[in-house]
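Would you mind keeping the following structure in view while I ask a few things?
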Amino acid sequence: MDSTILAQITGNIATVGYGLAAIGPGIGVGIVAGKTVEAMARQPEMAGRLQVTMFLGIAFAELLAFIGVATFFIFQ
Amino acid sequence: METALSTSALVTAALLRPFAGEDGEFKAPGIDEFVGLPALFFEGTPFEINRIIMVRLIALTIMVVLMYLALRKTRLVPGRGQGVAEMALDFVRVQIAEQILGERLGRKFLPLLASLFFAILAMNITGIVPFANIAGTSLVGMPLTMALVSYVAFIYAGIREVGGWAFIKNALFPPGVPWPLYILLAPVELINIFIMRPVSLALRLLLNMMVGHLLLVLAFSSTNFFFVSVSGPAAAFGALTLTGGIVITLFELLIAVLQAYVFTLLTAVYIQQAASEHH
């Protein structure tokens with residue numbers, strides 16, 4: 001039986017990894033920033049402290065995306 | 001004469017077409033941007049200096065010299081240099097040290113936090129400085145060292161402020177949890193506090209800077225590729241990538257400051273958690 005290749009992909013599947021790894025942290029960072037804006041609109045006088053907490057939350061969520069970048073180099 | 005001419009032509013060709021591979025296709029930047037760089041000085045010794053290490057040394061020297069010049073003769077009414085330096089130091093003191101740690105602890109750990117902030121800032125900002133063009137923190141050595149400093153600092157703060165045993169007990173057995181949960185919670189907290197914290201600090205800084213550099217190289221090398229190696233209307237894509245490169249440069253400036261801020265902020269938070277009686 002002779003096979004006909006209709007489409008093929010060459011290269012490493014790890015390149016898709018970052019796209020997948022960015023989905024979760026992207027949603028997470030969006031929720032953190034959005035909720036902070038909501039809270040700041042309610043209580044403008046708390047804006048400073050809320051921003052600090054927002055950056056902390058973003059730092060933790062963002063790390064997952066960056067681990068996604070690292071895996072591309074590790075499993076290349 | 002002729003050889004000199006042909007050599008210069010070759011050099012020009014090499015400068016103009018460094019990003020097209022043998023078959024004329026675009027070669028994307030990769031990990032080679034950071035590892036296996038050629039040595040500049042002291043080749044073969046443990047003190048081998050390559051491009052990134054030289055950038056680190058220059059950035060730190062400039063930062064120290066700037067700070068020294070700005071704060072050499074402090075006056076009650078600050079001049080221009082002293083004003084800027086005081087504003088930057090005041091940012092670390094008010095926004096990071098005192099806001100997270102409070103008055104007493106904040107004053108105690110301010111020298112450490114300020115040094116961390118300005119060292120990281122100096123080495124991050126080189127990522128977009130022309131002729132340096134690579135962040136000093138884009139190899140794992142520097143972020144790891146910074147993370148170790150932070151690690152030692154928060155363990156010291158815990159032992160000093162609440163005592164060694166109480167620090168371990170607070171960290172591994174947080175109060176207010178039914179005791180059977182400690183079987184699950186203590187190992188998780190152990191890994192989280194004593195392994196994941198320094199590792200995540202180092203990784204966050206390193207990868208932010210690495211990815212920023214890769215994005216810049218990608219934008220500008222593809223601009224080069226479109227303008228030099230591609231003929232026809234497709235070359236107009238070069239204008240798009242050039243604009244992208246300029247936007248990314250501005251974005252990297254933001255990231256450089258933000259990562260220095262986040263690193264220092266997290267160090268302050270870890271110190272605060274270690275030093276508090278119960279969190």
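Tell me the carbon and sulfur percent of the accessible area for the protein assembly as shown, rounded to whole percent, probe radius 1.4 Å.
It is 71 percent, rounded to a whole number.
Using every Cα-Cα pair within chain B, state what percent have a distance larger than 32 Å.
Percentage above 32 Å: 42.
Given points 7 Å out from each Cα along the Cα-Cβ axis, report the B:Val152 to B:Ala236 separation in nanometres with one decimal.
Distance between label points: 5.9 nm.
If each DSSP helix of 4+ residues adds -39,500 (n - 2.57) and the sum is divided by the residues in chain B, what number results at 222 nm, nearest 500 deg cm²/dmol? Mind showing how you got there, number by number?
Details: 9 runs with 183 residues, N = 279.
The helix contribution divided over chain B gives -22500 deg cm²/dmol.
Let me ask something else. Roughly how many whole Å is it from the C-alpha centroid of segment A:1-62 to that of segment B:118-197?
One Cα centre to the other: 23 Å.
On the principal axes of its Cα set, how long, how wide and how thick is the protein assembly as shown? Give whole Å, largest value first.
Between the extreme Cα coordinates on each principal axis of the protein assembly as shown lie 76, 74, 51 Å.
Okay, next question. If I model a spin label at B:Phe42 and A:Val16 as a point 7 Å from the Cα along the Cα→Cβ vector, what separation in nanometres do I get?
Rounded to a tenth, the inter-label distance reads 4.7 nm.
Which value, to two decimals, describes the C-alpha radius of gyration of segment B:126-196 once divided by 2.2 N^0.38 Å? Could the numbers behind the result be given before it?
Working: Rg = 18.1 Å, N = 71, 2.2 N^0.38 = 11.1 Å.
In units of the 2.2 N^0.38 Å rule of thumb, it is 1.63.
Give me the number: length gained by fully extending B:Ala28 to B:Thr145, i.e. 0.36 nm times residue separation minus the C-alpha to C-alpha distance, one decimal in nm.
Once the chain is fully extended between B:Ala28 and B:Thr145, it gains 39.1 nm.
Could you tell me the calculated FRET efficiency between B:Asn192 and A:Thr71, based on Cβ-Cβ distance and R0 = 22 angstrom, to the nearest 0.05?
0.55
Something else: If you average the alpha carbon positions of segment B:212-238 and of segment B:54-79, how far apart do those two centres end up, in angstrom?
38 Å
Throw me the Rg/Rh for segment B:197-279, computed over C-alpha atoms with Kirkwood Rh, two decimals.
My calculation puts Rg/Rh at 1.28.
The values are calculated or read from the model by the stated rules, or taken from the named source; none is laboratory data. Just so you know, these numbers come straight off a predicted model, no measurement behind them. Cβ atoms come from the backbone with ideal geometry, glycine included; neighbour counts cover every protein chain shown. Remember, those area values only see protein heavy atoms, side chains included, never the ligands or the DNA or RNA. Shrake-Rupley method; radii C 1.70, N 1.55, O 1.52, S 1.80 Å.
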